[in-house]
1. Mean separation of Cα pairs under 8 Å and 6+ residues apart, divided by the residue count of region 6-229: what relative contact order is that in percent?
2. If a/c stays under 1.5 just call it rounded; otherwise compare a/b with b/c (prolate if a/b is bigger, oblate if not). Do that for region 91-206, with a ≥ b ≥ c from the square roots of the Cα gyration tensor eigenvalues.
3. Work out the FRET efficiency for L23 and F229 from their Cβ-Cβ distance, taking R0 = 41 Å, and round it to the nearest 0.05.
4. If you average the alpha carbon positions of region 107-166 and of region 181-206, how far apart do those two centres end up, in angstrom?
5. Could I have the simple spin-label model distance between D62 and E163, label points 7 Å from Cα toward Cβ, reported in nm to one decimal?
6. Got a sec to turn the phi values of region 216-227 into Karplus ³J(HN,Hα) couplings, 6.51 cos²θ - 1.76 cosθ + 1.60 with θ = phi - 60°, whole Hz, x for Gly and Pro?
7. Over region 81-194, what is the mean sequence separation of C-alpha contacts under 8 Å (at least six apart), divided by residue count, expressed as relative contact order in percent?
8. For n ≥ 4 DSSP H runs only, could you compute -39500 (n - 2.57) per run for the chain, divide by its residues and tell me the 222 nm figure to the nearest 500?
Amino acid sequence: MSVIVSVTAQDTTRVYHTADLPLENIELQIKAVMEDIGADAVKTGMLSSASIIQLVEKKVRDYNVEKLVVDPVMVSTGGDSLIQSDAVEVLKHCLLPRALLVTPNLPEARILSGIEITNQQELREAAIAITALGPRAVVIKGGHLENENEAIDLFYDGRDFLEFRASRIPTRNTHGSGCTYASAITAFLARGLELELAVGRAKEYVSGAIKHSYPLGRGNGPLGHFYRFW
């Protein structure tokens, strides 16, 4: 089930425009989903304004959402900003404490932690700093970290570090890979998997989807989400 909070005009090269829906409409969409169908797990994606984040946090409390995955979408694959500057602090201190898991990529982890992150030690320090904001666990997607052979994601739950590794795939068609990863984790959580296993299974899935991506447009093409059925 989906709740649309913003509509974007974008292609494989850039985001041209974003338009937020009215808060009342967002709230009623959440009501329609949660009070009829329900949700075993919830993932948030692009939440561009402080007011939208505050509304979503209230609804998470109202409906007692326990399995909340927060994908702190801040910058598109093409480099366009997707969040207002005053909303970052609200995201950090309002929504992240409600999360079971937060899934930043490297640029987002830098913003959330205040750490530059140029090596594995700084990556661990950033993970510790992000969990200090309140989420039960964090997985920092390491696709932007320089490593010729592997894409390594770092998981931290306040106690232990785990690394999820996959071979780096030579393709520019990675549009939506972070959103896909967080969505897959949420889907596996909804199916009853424990958090670490859900992350591992999602890593396998998104790696396969990147491997089976295809060129579309002049920029970053999409993943092959349905490769297991083809």
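Readers should treat all values here as calculations from the given coordinates under stated rules, not as data from a laboratory. It should be emphasised that the depicted structure is a prediction, and the values quoted were computed from it without experimental measurement. Cβ: placed from backbone, ideal geometry, glycine included. Neighbour counts: every protein chain shown.
1. RCO, region 6-229: 17 percent.
2. oblate
3. Using R0 = 41 Å, I get an efficiency of 0.65.
4. With region 107-166 and region 181-206 each reduced to a Cα centre, they are spaced 17 Å.
5. 4.5 nm
6. 3J(HN,Hα) across region 216-227, in whole Hz: 8, x, 9, x, 8, x, x, 6, x, 4, 9, 4.
7. That works out to 20 percent.
8. The helix-only estimate for the chain comes to -10500 deg cm²/dmol at 222 nm.
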